[in-house]
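The values are calculated or read from the model by the stated rules, or taken from the named source; none is laboratory data. What you are looking at is a predicted structure, and each value in this text was computed from that prediction instead of being measured. Don't worry about glycine lacking a Cβ; one is built from the backbone with ideal geometry, like all the others, and counts go over all protein chains shown. What goes into the accessible areas is simple: the full protein's heavy atoms, side chains included, and nothing from ligands, DNA or RNA. Shrake-Rupley method; radii C 1.70, N 1.55, O 1.52, S 1.80 Å.
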Amino acid sequence: MSWNTFGRVLRFTTWGESHGPAIGAVVDGCPPGIALAEGDLQPFLDARKPGQNKFTTQRKEADEVRILSGVFEGKTTGTPISLLIENTDQRSKDYSEIANTYRPGHADYAYDAKYGFRDYRGGGRSSARETAMRVAAGAVARKVIPEVAIIAYVAEIGGDRIDPANFDAAEIGRNPFWCPDAAAAKRWEALVDEARKAGSSLGAVVECVATGVPAGWGAPIYAKLDSDLASGMMSINAVKGVEIGDGFEAARLTGEQNADAMSPGENGPEFAANHAGGIAGGISTGQPVVCRVAFKPTSSILTPVASIDRQGEATQVRTKGRHDPCVGIRGTPVVEAMMALVLADHKLLHRGQTGR
């Protein structure tokens, strides 16, 4: 299978399957001399790992990362950084009943149609287990952009949105939903638990904000910062939509409403608004870079769904095993990681073209 690599200057390649012995990533293009240790990566993996509460899959994986290459005496060498996480809690038998059946909403049929073969154990390569390595690679990318702060949070679950007036950044780490609105988090406990007990699932919207991005990263046409962000976010499992800034809401505004009016400031222009999400013409403006990512409901549900088997015969699928009732919750650290990887790549692209 091709296309396992993302990025231009800072490139990362992931490998491995959900139920294989291990998963891994190779990060290439990282500048030398950057302090890097496994302890720098582990907190981000701990935020994503499964089995932390009843609102996520109960698969138990420590997700302890090992750095196999590219670091010497605590600093990057400029050579490929190889990262490894062992799989320790596979239960492949959970998938034996769907070995000959396609799960609606999953990549089963599409993979079989393309390759004539599929790994049915947890989806194999199409499993969201792969995203653990994105988080590890994203932690490396954060070291390349120390001037940038990235925060993501769940803004909506099952159509229930947070109230912006209740936004409290300190609240994000206090609840299992990465939610900045304590009242919404309380409502979501009942909402997600109800879906879990019913054998169903819910979708979510994750918002990600990067502050400290200087003006000038990106390019006008085929390396637009927003197009690369959209590509990176859309590559995450279960993501079906990405908005930059106001996104689709911008189509409902007038020109004067949508304009991010500028005025002189001591350190450059000051903006009256940020409808553009910190990107204009594909290039960062110096404002916070903002994107929203829509996750569909988890396709693995206990409720029977009509499908077909490999012989084309009608059947029903009821997916057993351990699954997230709302995959967007654990998708939050992955969104942060992709933001970091895209921004780090564009920082190095900008340096290569302009010398700054």
Checking Cys291 against (1) touching a Cys at 6+ places or on another chain (Cβ under 7 Å); (2) assigned to a loop (DSSP other than H, G, I, E, B), only one condition comes out false. Which one? (2)
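Check region 294-301 and report whether any residue there is open to solvent by less than 20 Å² (accessible area, probe 1.4 Å) and within 16 Å of the chain's Cα centre (by Cα).
To start, the set of residues in region 294-301 that are open to solvent by less than 20 Å² (accessible area, probe 1.4 Å) comprises 295, 300.
Now narrow it down to the ones that are within 16 Å of the chain's Cα centre (by Cα): 295.
Yes.
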If we scan region 271-290, do we find a residue that is at pLDDT 95 or above, closer than 21 Å to Gly159 by Cα and either buried (at least 23 other Cβ atoms within 10 Å of the Cβ) or not basic (Lys, Arg) (or both)? yes
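Determine whether region 258-267 contains at least one residue that is outside any strand (DSSP E or B), within 21 Å of the chain's Cα centre (by Cα) and not basic (Lys, Arg). So that I can check it myself, show each step before the final result.
If we filter region 258-267 for residues that are outside any strand (DSSP E or B), which is where we start, we get 258-261, 264-267.
Right, trim to within 21 Å of the chain's Cα centre (by Cα) and you get none.
Within region 258-267 (the criterion being outside any strand (DSSP E or B), within 21 Å of the chain's Cα centre (by Cα) and not basic (Lys, Arg)), the answer is no, since none of the residues qualifies.
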Taking region 2-38 only, how many residues are on the phi > 0 side of the Ramachandran plot and either at pLDDT below 95 or β-branched (Val, Ile, Thr) (or both)? 2
Name the pairs whose Cβ atoms lie under 8 Å apart, with the first residue in region 177-192 and closer than 8 Å to Ile162 by Cβ and assigned to a helix (DSSP H, G or I), the second basic (Lys, Arg) and open to solvent by 50 Å² or more (accessible area, probe 1.4 Å), and 6 or more positions between them or separate chains? Ala184/Arg161
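On the given criteria, is Arg330 of a type in the set (Lys, Arg) and modelled with pLDDT under 95?
On the way: of a type in the set (Lys, Arg): yes; modelled with pLDDT under 95: yes.
Considered against the rule, which asks whether it is of a type in the set (Lys, Arg) and modelled with pLDDT under 95, Arg330 comes out as yes.
Let me confirm something: among Val209, Val192, Val135, which residue is crowded, with 24+ Cβ neighbours inside 10 Å and either under 30 Å from Arg66 (Cα atoms) or among the hydroxyl-bearing types (Ser, Thr, Tyr) (or both)? Spell out the reasoning first.
Working: Val209 fails: crowded, with 24+ Cβ neighbours inside 10 Å; Val192 fails: either under 30 Å from Arg66 (Cα atoms) or among the hydroxyl-bearing types (Ser, Thr, Tyr) (or both).
Exactly one of Val209, Val192, Val135 is crowded, with 24+ Cβ neighbours inside 10 Å and either under 30 Å from Arg66 (Cα atoms) or among the hydroxyl-bearing types (Ser, Thr, Tyr) (or both), namely Val135.
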(1) assigned to a strand (DSSP E or B); (2) open to solvent by 60 Å² or more (accessible area, probe 1.4 Å); (3) modelled with pLDDT under 95: which one isn't true of Lys240, the others all being true? (3)
Would you pick out the residues in region 139-185 that are open to solvent by less than 40 Å² (accessible area, probe 1.4 Å) and small (Gly, Ala, Ser)? Ala139, Ala141, Ala152, Ala155, Ala184, Ala185
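I'd like to check something: does region 146-157 contain any residue that is part of a loop (DSSP other than H, G, I, E, B) and among the charged types (D, E, K, R)? Break it down into steps so the answer makes sense when it comes.
Residues of region 146-157 part of a loop (DSSP other than H, G, I, E, B): 146-148.
Those left that are additionally among the charged types (D, E, K, R): 147.
Checking region 146-157: at least one residue is part of a loop (DSSP other than H, G, I, E, B) and among the charged types (D, E, K, R).
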Taking region 325-356 as the region of interest, how many residues are out of contact with any Asp or Glu (no Cβ under 9 Å at 6 or more places or on another chain) and in a loop (DSSP other than H, G, I, E, B)? 3
Run Pro43 past the list (1) in a helix (DSSP H, G or I); (2) crowded, with 17+ Cβ neighbours inside 10 Å; (3) of a type outside the set (D, E, K, R) and report the number of the one that doesn't hold. (2)
Arg103 - would you say it is without any contact (Cβ under 8 Å) to a residue 12 or more places away in the chain, out of contact with any Cys (no Cβ under 9 Å at 6 or more places or on another chain), of a type outside the set (A, V, I, L, M) and surrounded by fewer than 21 Cβ atoms within 10 Å (Cβ to Cβ)? no
Evaluation of Phe72 against (1) modelled with pLDDT of 90 or more; (2) open to solvent by less than 60 Å² (accessible area, probe 1.4 Å); (3) not charged (D, E, K, R) (one fails), failing number: (2)
Please pick out the residue among Leu202, Leu253 that is open to solvent by 20 Å² or more (accessible area, probe 1.4 Å) and touching a Pro at 6+ places or on another chain (Cβ under 8 Å). Leu202
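Which residue is farthest from Thr319 (Cα to Cα), if the candidates are limited to region 114-126 and must be assigned to a helix (DSSP H, G or I) and open to solvent by less than 70 Å² (accessible area, probe 1.4 Å)? Working first, answer last.
The first filter runs over region 114-126 and keeps only residues assigned to a helix (DSSP H, G or I), leaving 114-115, 124-126.
Next, only the ones that are open to solvent by less than 70 Å² (accessible area, probe 1.4 Å) stay: 124-126.
Numbers: Gly124: 15, Arg125: 18, Ser126: 16 Å.
Across region 114-126, the extreme among qualifying residues is Arg125.
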Which one of these does Ala223 not meet: (1) assigned to a loop (DSSP other than H, G, I, E, B); (2) closer than 27 Å to His106 by Cβ; (3) of a type outside the set (Lys, Arg)? (2)
If I go through region 193-214 residue by residue, how many of them are out of contact with any Ser or Thr (no Cβ under 9 Å at 6 or more places or on another chain), in contact (Cβ under 8 Å) with a residue 12 or more places away in the chain and in a helix (DSSP H, G or I)? 2
